[in-house]
Amino acid sequence: MRDYLLTLRCENRPGIVAAVASQLAAHGGDITEAQQFDDRETGRFFMRVAFTMSRSVDDFAGRFAEEVRRFDLKWTLRPANQLRKVLILVSKFDHCLVDLIYRRQIGELPMDLVGIVSNHPREALNLSHDADIPFHHFAISGDAKTEQENRIRTVIEDSGAELVVLARYMQILSDDFSAYLSGRCINIHHSFLPGFKGAKPYHQAYERGVKMIGATAHYVTEDLDEGPIISQDVEHVTHADSPDDLVRKGRDIERRVLARAVTFHLQDRVLLNGRKTVIFA
């Protein structure tokens, strides 16, 4: 028996769940976890199914193509234990990077770390015990930003990276590069996002899919720090906290929010829904 993950999204209509379940049953599949969401405002349907199957999953995929056409499904299917290829971008603040590497080492993050890219040399980061990870130092000077991004793009394509993580990468990506990374680049922002101004702030928060108030992990888009939110968390402070205390607490919240967002993505628990996300946690 092998474990698989199936995700799908489409316009909502009757019979989708029944079609998925019946096709899996017909091919000897055993559903171990199933989550679904019907967005009544947009009429969109989202589903994530974990299942086991002893027969060839290719046979199931071939027959399931009929349902794909019938319901106009956007879908993914892959082995659940398949390691996803990840590239991490970082500047001088390395606490998120080191945390992701540690979680990978203990088996908490199912990822194949194909490289690290930084605009600072390796010596500026805490990587003394991670010599096996390919490291790329691409400095930025003057008007060389486009050239630097092209070098990163080459690393992405050569390594086959499926996800790019900005682990406190303190550079603003160009619109072209952001579009190139659409849906596969996660950023950690050391603040509460988004900041709602004007009338009806709670309505604005609902429209943007706010999860919590705190540090924010979101997908990168051409609109700076406006991408779909994946994870948020909060840390309380008091009048007794010094600026150093705030920095320390900020590092903790950034680490856990980013790790949670990356985990959700690697486990196919995040489905894009316009400017928002559906999280099957």
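Hey, can you tell me all the residues within region 68-100 that are closer than 30 Å to R248 by Cβ and either of a type in the set (S, T, N, Q) or in contact with a strand residue (DSSP E or B) (Cβ under 7 Å, 6 or more places away or on another chain) (or both)? Scanning region 68-100 gives V86, L87, I88, L89, V90, S91, C96, L97, L100. Of the strands (runs of 3 or more DSSP E) lying entirely inside region 170-281, those containing at least 3 residues that are modelled with pLDDT under 90 and of a type outside the set (S, T, Y) are 185-192.
If the condition is being polar (S, T, N, Q) and not in a strand (DSSP E or B), then region 79-130 contributes N81, Q82, S91, Q105, N119, N126, S128.
Give E222, E207, E226 a once-over and let me know the one that is in the same structural domain as Y169 (by TED's automatic domain parsing), in contact with an Asp or Glu (Cβ under 8 Å, 6 or more places away or on another chain) and not polar (S, T, N, Q). Among E222, E207, E226, only E222 is in the same structural domain as Y169 (by TED's automatic domain parsing), in contact with an Asp or Glu (Cβ under 8 Å, 6 or more places away or on another chain) and not polar (S, T, N, Q).
From I101, I116, which residue is under 21 Å from H189 (Cα atoms), touching a Phe, Trp or Tyr at 6+ places or on another chain (Cβ under 9 Å) and either buried (at least 18 other Cβ atoms within 10 Å of the Cβ) or not basic (K, R) (or both)? Going through I101, I116 in turn, just one is under 21 Å from H189 (Cα atoms), touching a Phe, Trp or Tyr at 6+ places or on another chain (Cβ under 9 Å) and either buried (at least 18 other Cβ atoms within 10 Å of the Cβ) or not basic (K, R) (or both): I116.
One residue alone among T42, T32, T52 is hydroxyl-bearing (S, T, Y) and under 22 Å from R208 (Cβ atoms), and that residue is T42. Candidates F64, F37, F60: the one that is within 21 Å of the chain's Cα centre (by Cα) and touching a residue at least 12 places away in the same chain (Cβ under 8 Å) is F37. In region 55-77, is there at least one residue being in contact with a Leu (Cβ under 9 Å, 6 or more places away or on another chain) and of a type in the set (S, T, N, Q)? Yes, region 55-77 contains a residue that is in contact with a Leu (Cβ under 9 Å, 6 or more places away or on another chain) and of a type in the set (S, T, N, Q).
The values are calculated or read from the model by the stated rules, or taken from the named source; none is laboratory data. Worth saying up front: this structure is predicted, and the values here are computed from it rather than measured. All Cβ positions, even for glycine, are placed from backbone atoms using ideal geometry, and neighbour counts span all protein chains on display.
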